[in-house]
Amino acid sequence: MSIYLNAILMLAVTIAAFGLLAKSVQAIRSKSPVWPWQNSNVPPTAAVRLSVEQICVVDSKRRLLLVRCDEQRVLLLTGGPADLVVSHFPATVDAAQ
């Protein structure tokens, strides 16, 4: 086996060992394993309270976002020199739809 292939193989094994060690320490501290593809901040039974309903591209920098939190909706303009709240829709608007 060439020396370069051997070095690459040993580097890959070392990185994998450090990753496994880090995950083991994290599982021991939290008493439950957390895998990289799982979102550890949100329990699986929690209801989604915040969501982006629609996105509209205004130009190359700015976007309009319709964001919903519980029963309220807010229209945001992002990407310019400052992010702006364009409009706030009260909860009664959602009940009428």
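FYI, it's all coordinate maths here, none of it is from the lab. The structure displayed is predicted, hence computed values, not measured ones.
Some notes on this structure:
- Taking 0.36 nm per residue of sequence separation and removing the Cα-Cα distance, the LEU76/LYS61 pair yields an extension gain of 4.0 nm.
- Taking amide H as placed 1.01 Å from N in the peptide plane, the amide H of ARG73 sits under 5 Å from that of PHE89, each at least 5 places away or on another chain.
- In order through the range 6-19: 3J(HN,Hα) via Karplus (6.51 cos²θ - 1.76 cosθ + 1.60), integer Hz, x for Gly, Pro: 5, 5, 5, 4, 5, 5, 5, 5, 5, 5, 5, 5, 5, x
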